[in-house]
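Trainee: Below you'll find the structure I mean.
The values are calculated or read from the model by the stated rules, or taken from the named source; none is laboratory data. Keep in mind the model is a prediction, meaning the values are calculated, not measured. Ideal geometry is used to build each Cβ from the backbone, glycine not excepted, and the neighbour counts take in all protein chains shown.
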Amino acid sequence: MQTASSSIAIAHLRQLRVLFDRIVDSMSEKDLFTVPDGFSNHVAWNVAHVVVTQQLLHYGLSGIEPTVPADLIGSFRKGTRAGDGSAEAFRATREHIHSAVERLSDDYEAGRFERFEEYTTSAGITLASFEDALAFNNIHEGIHLGYVMALRKGL
């Protein structure tokens, strides 16, 4: 059963995904895959990366198989860069931008996230519970939303 704070976190995640989707819809495919000077990734990588990271933080750390295919996770996980994932892989990952959040909400409501492997992020934040991962994921997505907005402006 979802708590009030987890329901709010999931609602915020839904809104973040709407914002990512609007930005992607407003850009040409060429611009989605252009890395402006001073940046190391493009908009498409950032969008796919947040989808993949959410899967790893919530499902992976809970010992549950992610709902996004492993090959897509491999293309956009932490440590990858623009060029590691193809345009086709981006499009396949983008198909999960909203469905992954709905599945997360359903799985959380159904009590699927019973265990959680503590994890310290590269930002030095220790996630000790699934609820910690919910909160941190929104911070992570907000950071990447800022990158996406800066990348779009840099084109």
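Trainee: Which of the numbered conditions does L134 fail, given that it passes all the others? Conditions: (1) under 15 Å from the mean Cα position of the chain (by Cα); (2) closer than 19 Å to W45 by Cβ.
Mentor: Condition not satisfied by L134: (2).
Trainee: Okay, next question. For A123, which of the numbered conditions (1) over 30 Å from E29 (Cα atoms); (2) modelled with pLDDT of 95 or more; (3) not in a helix (DSSP H, G or I) fails to hold?
Mentor: (2)
Residue-wise test of (1) in contact with a His (Cβ under 7 Å, 6 or more places away or on another chain); (2) surrounded by 14 or more Cβ atoms within 10 Å (Cβ to Cβ); (3) aromatic (F, W, Y); (4) not in a loop (DSSP other than H, G, I, E, B).
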site: V18; (1), (2), (3), (4): no, no, no, yes
site: V24; (1), (2), (3), (4): no, yes, no, yes
site: L57; (1), (2), (3), (4): no, yes, no, yes
site: I64; (1), (2), (3), (4): no, yes, no, no
site: G74; (1), (2), (3), (4): no, no, no, yes
site: R81; (1), (2), (3), (4): no, no, no, no
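Trainee: Based on what the data block shows, is E117 at pLDDT 95 or above, part of a helix (DSSP H, G or I) and of a type in the set (D, E)? Talk me through it step by step, then tell me what you get.
Mentor: On the way: at pLDDT 95 or above: yes; part of a helix (DSSP H, G or I): no; of a type in the set (D, E): yes.
No, not satisfied.
Trainee: Follow-up. Please give the number of the condition S7 fails out of (1) among the hydroxyl-bearing types (S, T, Y); (2) assigned to a loop (DSSP other than H, G, I, E, B); (3) modelled with pLDDT under 95.
Mentor: (2)
Trainee: Among the residues that make up region 137-144, is at least one of them in a helix (DSSP H, G or I), charged (D, E, K, R), within 30 Å of K30 (Cβ to Cβ) and in contact (Cβ under 8 Å) with a residue 12 or more places away in the chain? Lay out the reasoning, then the answer.
Mentor: To start, the set of residues in region 137-144 that are in a helix (DSSP H, G or I) comprises 137-144.
Still in the list and also charged (D, E, K, R): 141.
Subset that is within 30 Å of K30 (Cβ to Cβ): 141.
Pick out the ones that are also in contact (Cβ under 8 Å) with a residue 12 or more places away in the chain and you get 141.
Yes, the conditions are met somewhere in region 137-144.
Trainee: For region 83-114: of the residues being part of a helix (DSSP H, G or I) and among the hydroxyl-bearing types (S, T, Y), which is surrounded by the fewest Cβ atoms within 10 Å (Cβ to Cβ)?
Mentor: S99
Trainee: Now, a different point. Within region 26-44, which residues are under 13 Å from M149 (Cα atoms), over 17 Å from the mean Cα position of the chain (by Cα) and assigned to a helix (DSSP H, G or I)?
Mentor: Within region 26-44, just D31 meets the criteria.
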